[in-house]
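The structure appears right after this line, and notes come after that.
The numbers here are math on the coordinates, done by the rules we state, and not lab data. Computed from a predicted model, the values in this text were never measured in an experiment. Quick reminder, even Gly has a Cβ in these numbers, built from the backbone with ideal geometry, and neighbours come from all protein chains shown.
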C-alpha cells in the first residue's frame, strides 16, 4: 500500500516539475503579447510626426567610453557606463553593447532622426530643458541644488539608456524603435525614466533590408513620448 502511495506521489511530483516551467514560460509569452499590443496602440496613435528631420549642424565626439551628439545646445550621450549594472554587470559585454549601438543606431542621431529638441518637447509643453536631475547638498548653512557633471560636461544632456528595434512590428517599408532616455545625469536605469517611440519609413525597403541600409534611406514618420518606466 505504501509503495503504491509513494509511486503516486512521485508521479504527481514529476508532472508538476514538467508543468511548472510550461506555465511560467506560457505566462511570459502572454506578457510579451500584451506588451506588443500596448506598443502597437501607441504607434497607431502617432500616424504623423510633428517633427522634421534635423538638417542643422550636429557636433559628434566619439571616445572609447562614450559618444555624444550635440545639437540645439543639448548633448545626447551614449556610453557603455549607462549599460553597466543596468543591462549587464559585465564590462566586456557592456562595451560590446555600446559598440553595437553605435554601429546599428548611430545614424539615427547623425542623420537627424533623433534630436535633443524632440525629446525635450515631448517631455515639456514649453520645449524648455528643465534640469531637475541634480541633488540637494549642504553648503554652509544652506541647502543648494547640485547637478553633477557627466564626463566633465556640466551642460544639459539627454542620456540614452537603451534602444530596441521592435522587429515583430516591422512592415515592408517601416521600422519601429523603442527608446529609453532621461534628462537626469544621476539616473542609471534603476529609477524612473521615459520611454519613447520612433517610426521610420523607407519606400525602397523590404522586410529583408538591413537596419543600417534602411535608416540611410529613411524618412521620419513618427516620434512620440510613450510612458514612464518605473
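First check a/c for the stretch 49-229, with a ≥ b ≥ c the square roots of the eigenvalues of its C-alpha gyration tensor; if it is under 1.5, answer rounded, and if not, answer prolate when a/b is larger than b/c or oblate otherwise. Cα axes put the stretch 49-229 in the prolate bin.
For the stretch 59-136, the square roots a ≥ b ≥ c of the C-alpha gyration tensor eigenvalues yield an a/c of 1.5 or more together with a/b not exceeding b/c, which makes the shape oblate. The simple spin-label model puts a point 7 Å past each Cα toward its Cβ; for residue 62 and residue 128 those points are separated by 3.7 nm. With R₀ fixed at 45 Å, the C-beta to C-beta distance from residue 52 to residue 206 puts the FRET efficiency at about 0.95.
Length gained on full extension, residue 92 to residue 230, computed as 0.36 nm times the residue gap minus the Cα-Cα distance: 47.0 nm.
Footprinting exposure proxy ranking of 222, 127, 121, fewest other C-beta atoms within 10 angstrom first, gives 127, 121, 222.
Note on residue 100 and residue 149: the extension gain reaches 15.1 nm, defined as 0.36 nm multiplied by sequence separation minus the Cα-Cα distance. Label-to-label distance for residue 73 and residue 186 is 2.5 nm, based on points extended 7 Å past Cα in the beta-carbon direction. Here the residues 169, 198, ranked from fewest to most Cβ neighbours within 10 Å of their Cβ, fall in the order 169, 198. When only Cα pairs below 8 angstrom with a gap of at least 6 residues are kept, the stretch 160-230 shows a relative contact order of 31 percent.
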